[in-house]
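The structure appears right after this line, and notes come after that.
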Amino acid sequence: MDMDLQKFYRSLRLKLHFADTDHATPPNLQAMAPIGITAASLGLRDKSTYQPPKGSHPLETFIQFVDKSFQKLRNDTDRGRIHYPSNLSVTERQALTSLKQEKDIIIKPADKGGAIVVMDKTLYKNEVYRQLSDTTTYKKLSYNPTQTIQDVIRTTLDGFQTRGILDCKTRAFLTKKHPITPVIYILPKIHKCLHNPPGRPIVASTDSILAPISIYLEKILTPLIRNTTSFLLDTGAFLETVRNISPVPPDAYLVSFDVKDLYTSIPHTNGIQSVRWLLTTNHMNPDLSDLCCELLSIVLNNNFFLFEDTYYLQIKGSAMGSNVAPPYANAYMAHYEDTSIYTQDLFRSHALTWKRYIDDVFCVWGGDLRTLQAFFQVLRTSWPGLDFTMTYDTHQISFLDTLVIKDDNGNLSTDLYSKPTDRNSLLHYSSFHPKNMIKSIPKSQLNRVSKIVSDPATKDLRTTEMRSKFRERGYPPRILDTAQANSTTRDRISATSRIPFVHQYHPAAYKLHRTIRQHWHILQEAYPTIQEFQHPFLPCFKRPRNIKDNLWSAQITAPLDNARPHVAGVCQQFLQDEGIEVIDWPTLSSVLNPIEHNWDIMSHTIHQRHIAPQTVQELVDALGKRHGKTNGVVQKHNSSRKK
């Protein structure tokens, strides 16, 4: 918590330092010139390392009071004067350790339903390799393409910056200096097969070479997606749709369409055309449209990842796990609807309602079964890459987490829906979480029942069932009674600005919060013109590692060279404790990090001099003279790796 507290102090000093200039107006994306849609205007920026000067005497006095209290709290905790019992028994901890060290199993969350799947590692690998063997979607690579992709990004950004479409800060944000290698994993679809489930492929690409570009595109495209005709934001928007269309003709069909494997099925060329259509229909500047489509092309055509010790390239579709994937898929579907659905005579004649949540469509069909089946054939043949499935019924249909029911008079009602494989995954009452958060979960879930279930008698039944689920997870009746009494009220979030104190959760944190509140008046009285100091600070918890983090990771095995720190006992013990299996790395392997060759070249450069450098500047000058040759050797080494 020490580092988190220092960040909090920095936030206070920054607020004081920029008190007279921190009043920015959010920009209007639609009315901007190309240079206007910068990373800063989208709320994107690299983390600043600027350290403001120490504030005036009152602020530093406040910090000293808080810091003194924190040091005492930490000493008392370290010396055992304050003890917080663990919520795991010794037997449970031993069981978790045993599971982490088990080499023949893989533990992953289920694709849907909240279950935890313990799967034979061989079956898991076979499923991954089965999907990767699809040569129409994936291509095996013989090298790590990170450097090549960096060169492509650099060249592209240089061109747009020269044209005045990118500013320096946006260009810097889009360039990842120290990228990680993306890895692929699958989430078992146990709702389709319990014994040998297929998997949903996910590429863990956080902090990868393409991550900043994906984030930038997602920020631009998402507001535009919300303007499309069939867009559904969430369950709340769907419930409003159902209320607005009821009643429907008594003989109407309730239909749901689903696109099979949408993310991995979109051809790159068609997908980019759809995004350009979206930008054009929203009157986006042509230069900005060119930038977005060019960046999107880089993301789609260079979506690589690692599985075990082999690199792969996804040559069709987008990777689930990429920030830009949802708006990209939405744009493709919206373009498809506008071009091939809304103009269909069958659709115009019989589709009473058509709403979509990414790849799931809810439809009320006013025609007979023959026209519905004919329309379904149109869906399956009118657009490249889309394979639809259809479910229909004259009485009820499930969509998202809602069951829509039609009575004999055409009136629509809604109920909660859960899949047969869903588990009671509600947070346990004894879980290591803030108590106010635990107490708020029953209220939110009972409020969900109140919003979704429209029939009063059914609502009472679902409320009783929900209470039973919470009782199974250890929640006392008094907590549930209070939550139920307040389930129809909503907490209003104050619009006033408050400075957040973000830190990892610990039970002792409340004592520190009390100290901050006790001395907050110092800031209020000393700085009456700073609005943020006139309102209480905002405690925010970030969770520590939980059981799921300890039991599974995206990567089965990790590549690790034989550097001395990596083979040290403490490092090997950590890898074993975390359940990370390491690939055997041959001694003197030719696929080592090029930086090792760089160090070797620089060392030889210095030792070949007759007179060793005596100052730091002389050392810099000596290395600078050999800079071109060093780069040439490293580039030659990279080329040999690619071969």
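The values are calculated or read from the model by the stated rules, or taken from the named source; none is laboratory data. Values in this document were obtained by computation on a predicted structure and should not be read as measured data. Counting neighbours? That spans all protein chains shown, and the Cβs are built from the backbone with ideal geometry, glycine included. All accessible areas refer to the heavy atoms of the entire protein, side chains included, with ligands and DNA or RNA removed. Shrake-Rupley method; radii C 1.70, N 1.55, O 1.52, S 1.80 Å.
3J(HN,Hα) couplings calculated from phi for the stretch 63-73 with the Karplus curve 6.51 cos²θ - 1.76 cosθ + 1.60 (θ = phi - 60°) are, in sequence order, 5, 5, 4, 5, 5, 5, 5, 5, 4, 5, 5 Hz; Gly and Pro show x. For Ala508 and Cys168, the FRET efficiency from 1/(1 + (r/R0)^6), where r spans their Cβ atoms and R0 equals 51 Å, is about 0.70. With K and R counted +1 and D and E -1, the other residues having a Cβ less than 9 Å from that of Thr228 yield a net charge of 0.
Bridging of Lys72 to aspartates and glutamates at a Cα separation below 18 Å is possible for Asp2, Asp4, once same-chain residues fewer than 8 apart are set aside. Extension gain, Leu194 to Lys47, is 48.5 nm, computed as 0.36 nm per intervening residue step minus the present C-alpha separation. Classify the stretch 217-334 as rounded, prolate or oblate from the Cα gyration tensor: take a ≥ b ≥ c as the square roots of its eigenvalues, call it rounded if a/c is under 1.5, otherwise prolate when a/b beats b/c and oblate if not. Oblate is the answer for the stretch 217-334, as a/c is 1.5 or above yet b/c matches or exceeds a/b.
For Tyr143, the accessible surface of its heavy atoms amounts to roughly 70 Å² (probe 1.4 Å, protein chains only, rounded to the nearest 10). Placing R0 at 25 angstrom, the Cβ-Cβ distance between Glu60 and Tyr84 gives a FRET efficiency of 0.20 after rounding to 0.05.
For a Förster distance of 30 Å, can you work out the FRET efficiency between the beta-carbons of Tyr392 and Thr482, rounded to the nearest 0.05? Here the calculated transfer efficiency is 0.10. The accessible-area ordering, largest first, of the residues His17, His178 stands as His178, His17, per a 1.4 angstrom probe.
Using a simple spin-label model with pseudo-atoms 7 Å out from Cα toward Cβ, Thr136 and Asp2 lie 5.8 nm apart. Each residue of the stretch 213-224 is assigned a 3J(HN,Hα), and the resulting list reads 5, 4, 5, 4, 5, 4, 5, 7, 7, 4, x, 6 Hz, derived from the Karplus form 6.51 cos²θ - 1.76 cosθ + 1.60 (θ = phi - 60°), x at Gly and Pro.
Only aspartates and glutamates eight or more places from Lys176 in sequence, or on another chain, were considered; those with a Cα closer than 20 Å are Asp46, Asp151, Asp158, Asp167, Asp207, Glu218, Glu294. Loop-resident trypsin sites (Lys or Arg not before Pro) (DSSP state other than H, G, I, E or B) in the stretch 201-282 with no more than 15 further Cβ atoms inside 10 Å of their Cβ: Arg226, Lys260.
Converting phi to 3J(HN,Hα) with the Karplus coefficients 6.51, -1.76 and 1.60 and the offset θ = phi - 60°, the stretch 203-208 yields 9, 7, 10, 4, 6, 7 Hz in sequence order, with x at every glycine or proline. Taking a ≥ b ≥ c as the square roots of the eigenvalues of the Cα gyration tensor, the stretch 134-202 is prolate, since a/c reaches 1.5 or more and a/b is larger than b/c.
Among His57, His395, the sequence by solvent-accessible area, most first, with a 1.4 Å probe is His57, His395. Apply the a/c threshold of 1.5 to the C-alpha gyration tensor of the stretch 77-177 and tell me whether it is rounded, prolate or oblate. Note, shape of the stretch 77-177 comes out oblate. Between Glu472 and Lys435, full extension at 0.36 nm per residue minus the direct alpha carbon distance yields a gain of 11.5 nm. Reported value for the stretch 385-426: 119 Å³ per residue, from the convex hull of its C-alpha atoms.
Put simply, when 360-366, 466-472 are sorted by average Cβ atoms within 10 angstrom per residue, most first, you get 360-366, 466-472.
Entry note, the stretch 68-226: relative contact order of 19 percent, from Cα contacts under 8 Å with a spacing of 6+ residues. Counting 0.36 nm for each residue step from Cys540 to His521 and taking away their Cα separation leaves a gain of 4.8 nm. The label-point distance for His283 and Ala40, in a model that sets each label 7 Å from Cα toward Cβ, rounds to 2.7 nm. Computed over neighbours whose Cβ is under 11 Å from that of Thr458, the net charge equals -2, Lys and Arg +1, Asp and Glu -1. Under 5 Å between amide hydrogens, built in the peptide plane, is the criterion, and for Leu403 it picks out Asp415, Leu416, Tyr417 among residues at least 5 positions away or on other chains.
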